[in-house]
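The values are calculated or read from the model by the stated rules, or taken from the named source; none is laboratory data. Because the structure is predicted, anything quoted here is derived from the model rather than measured. Note that we place each Cβ from the backbone using ideal geometry, even for glycine, and neighbour counts take in every protein chain shown. Heads up: the accessible areas ignore ligands, DNA and RNA and are worked out on the full protein's heavy atoms, side chains in. Shrake-Rupley method; radii C 1.70, N 1.55, O 1.52, S 1.80 Å.
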Amino acid sequence: MIVLGVESSCDETGIALYDTAQGLRAHALYSQVSMHEEYGGVVPELASRDHIRRAIPLLEQVLKDSQLSLSEIDAIAYTQGPGLAGALLVGASVACGLGLALNKPVLGVHHLEGHLLSPLLSGTPPAFPFIALLVSGGHTQLMQVEGVGQYTLLGETLDDAAGEAFDKSAKLLGLGYPGGPAISRMAETGDPTVYKLPRPMLHAKNLDFSFSGLKTAVLTLVKNHTAPLSEQDKANISRAFVDAIVEVLVAKCLAALKQSGMKRLVIAGGVGANAQLRAGLNAAASKKRFAVFYPELEFCTDNGAMIAFAGALRLQSHPEAATRDYRFNVRPRWPLDQIG
Ligand code: KG4
Ligand code: ZN
């Protein structure tokens, strides 16, 4: 079975073809980062319009790269939510329009399910069950995953997501957008002893997170700094920020593993690309004897491959999920543990 995946929930247009017999046949991505950079964040209306421009050329590219024709596609999976309503509508209409024209079934996929299953696309996929840490720009959640579609929420952020904290703190430091990679790079040359930032909810007896106070602590450091921030000051603050957020994320993962008795941890979402987080988790994994799995770096952030893949897995376990009713709606807010 060959599934076309369409991702357009935020500022990346992703199109991919996943073949259940041969694996990923092709994927193509267009990132709008340079367009949103000058505004310091994603401008939803610009994002929607750009998805319209990119979707069909990317589709043509994956067909060419895979040497498949439109008629060989068996089903079309698109991100139905969560995400920006206008941006989601573009992918949904492209997918459903194509489905109608080709008389192929379509299926709406949960964006976070795509992220969550993306490590299964790697060369060393985890077996079920596992604990998953979803750390993206919009979400920070710990889930217990028993199988495809069997997700139990164990804890989540009460305010900002981890990626959002990276982005907002980077903005305060004048490091540009997106902030995650920028802060991570700056932190490499930072002195860890200069500043100490709070570890929010580190000792709370639950698996929830809170990151807005960390961003406020960065703001306070920046405001209280008498001279303009030097590059070294920015590196030191970045280092303090990264150390704090990594310590909290690692500790909560350990607590989730302990609570569930599981030995496999899966990391997914854009912040999963973070080198310091990976180093912290790898160190904890060898010390505490559990296995940690990551998506390939290119599939940490938004992409079409994870949507095609999640769509294919869902079709295998729930064939009735696909429909030839091409009326569509999008779900900008859609809790992952509420998917059918
Ligand atoms: O999963 P994703 O592409 O989009 C959402 O679904 O939100 O995640 C984007 C987020 C952004 O907040 C970005 O700053 C963060 O992931 N990110 C990183 C890194 N690469 C991307 N954060 C920390 N370190 C990175 N290397
Ligand atoms: Zn995402």
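Using DSSP H assignments, which helices in the chain have an axial alpha-carbon span of 20 Å or above and a mean Kyte-Doolittle hydropathy of -0.5 or higher? Span-like helices in the chain: 44-66, 85-102, 231-260. For the chain, give the share of DSSP beta bridges that are antiparallel, in percent and rounded to the nearest 5; count only bridges with both residues there. Around 60 percent of the beta bridges assigned by DSSP in the chain are antiparallel ones. When only the Cβ of Lys, Arg, Asp and Glu is charged (+1, +1, -1, -1), the dipole of the chain relative to its Cα centre reaches about 820 debye. Which of the three applies to segment 13-130, rounded, prolate or oblate, going by the alpha-carbon gyration tensor with a ≥ b ≥ c and a/c under 1.5 meaning rounded? Oblate shape, in that a/c is at least 1.5 and b/c is the bigger or equal ratio. Taking a ≥ b ≥ c as the square roots of the eigenvalues of the alpha-carbon gyration tensor, segment 128-294 is classed prolate because a/c is 1.5 or more and a/b outweighs b/c.
Considering every alpha-carbon pair of the chain, the percent of pairs per 10 Å bin, from zero through the bin containing the longest distance, is 6, 26, 32, 23, 10, 2, 0. Just the number, please: carbon plus sulfur as a percent of the accessible area of the chain, 1.4 Å probe, no ligands or DNA/RNA counted. Reported share for carbon and sulfur atoms: 53 percent. Considering only 235, 283, 135, the residue lying farthest towards the positive end of the dipole of segment 128-294 is 283, judged by Cα position with unit charges set on Cβ. Between 99, 220, 123, whose Cα lies farthest towards the positive end of the dipole of segment 75-229 when Lys and Arg beta carbons carry +1 and Asp and Glu beta carbons carry -1, centred on the Cα centre? It is 220. Rounded to the nearest 500 deg cm²/dmol, what is the calculated helix-only ellipticity per residue at 222 nm for the chain, with -39500 (n - 2.57) per DSSP H run of length n ≥ 4? Only helices count here, giving -13500 deg cm²/dmol. Take segment 128-294 with all the other protein chains still there, run a 1.4 Å probe, and you get 43 Å² of accessible area per residue. Of the beta bridges DSSP finds with both residues in segment 128-294, what % are antiparallel, to the nearest 5? DSSP beta bridges in segment 128-294 are roughly 60 percent antiparallel.
For segment 220-307, applying the loop criterion from DSSP together with a ceiling of 10 other beta carbons within 10 Å to the GluC sites (Glu not before Pro) yields no site. In the context of the full set of protein chains, segment 74-114 has a per residue accessible area of 24 Å² (1.4 Å probe).
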